[in-house]
1. Want the number for residue 112 to residue 45: 0.36 nm per residue separation, take away the alpha-carbon distance, what's left?
2. Given the peptides 117-127, 103-113, arrange them by the average over their residues of other C-beta atoms within 10 Å, most packed first.
3. Report the net charge of residues surrounding residue 113, where surrounding means a beta-carbon distance below 9 angstrom and charges are Lys +1, Arg +1, Asp -1, Glu -1.
4. Using a Förster distance of 35 angstrom, determine the FRET efficiency expected from the C-beta separation of residue 9 and residue 72, and round it to 0.05.
5. Would you pull out the residues with amide H under 5 Å of residue 125's amide H, same chain only if 5 or more places away, H placed 1.01 Å from N?
Amino acid sequence: MLLTKFDPFKQLKDLEKSFYKQPSNEGVSAFVPVVNTREGDFAYHVDVDLPGVKKEDIKVDINKGILTISGERKVKEEIKEEDYYKVETYFGKFSRSFTLPDNADIENIEAKNDNGVLEVVIPKLKDDNSRKSIEIK
């Protein structure tokens, strides 16, 4: 008799794997960029690793408090050898979204692409710590 350990999250894991795999005509896998986020004293920072993606192929949008970074890493022309051919680089369209905090200054967000890393700086609104007492009538 063969016993199999029950994993209640197996279907969820399989669904997640299939979600990130996009069909491609060229047999290569989808590109999902790595993202690092951090919070500083005056701003939030989102760093996205986008090696091989041109600045013109990146789009940064804000809609209803959600920051979306999207674009496409295009397939390069590859030379096929007679006996051997293998591609380990991921290509395709990508999109990553982040909910902005309430104190984000969306009017002054800046983005720059340097050496394959997109850095989005989201300044924080200044805290208004002034308190006012309201007279009860």
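FYI, it's all coordinate maths here, none of it is from the lab. Keep in mind the model is a prediction, meaning the values are calculated, not measured. Quick reminder, even Gly has a Cβ in these numbers, built from the backbone with ideal geometry, and neighbours come from all protein chains shown.
1. So the chain would gain 23.0 nm between residue 112 and residue 45.
2. Values: 117-127: 15.5, 103-113: 13.5.
In decreasing order of mean packing, 117-127, 103-113 become 117-127, 103-113.
3. Around residue 113, the charge tally is +1.
4. Values: r = 32 Å, r/R0 = 0.91.
After rounding to 0.05, the efficiency reads 0.65.
5. 104, 105
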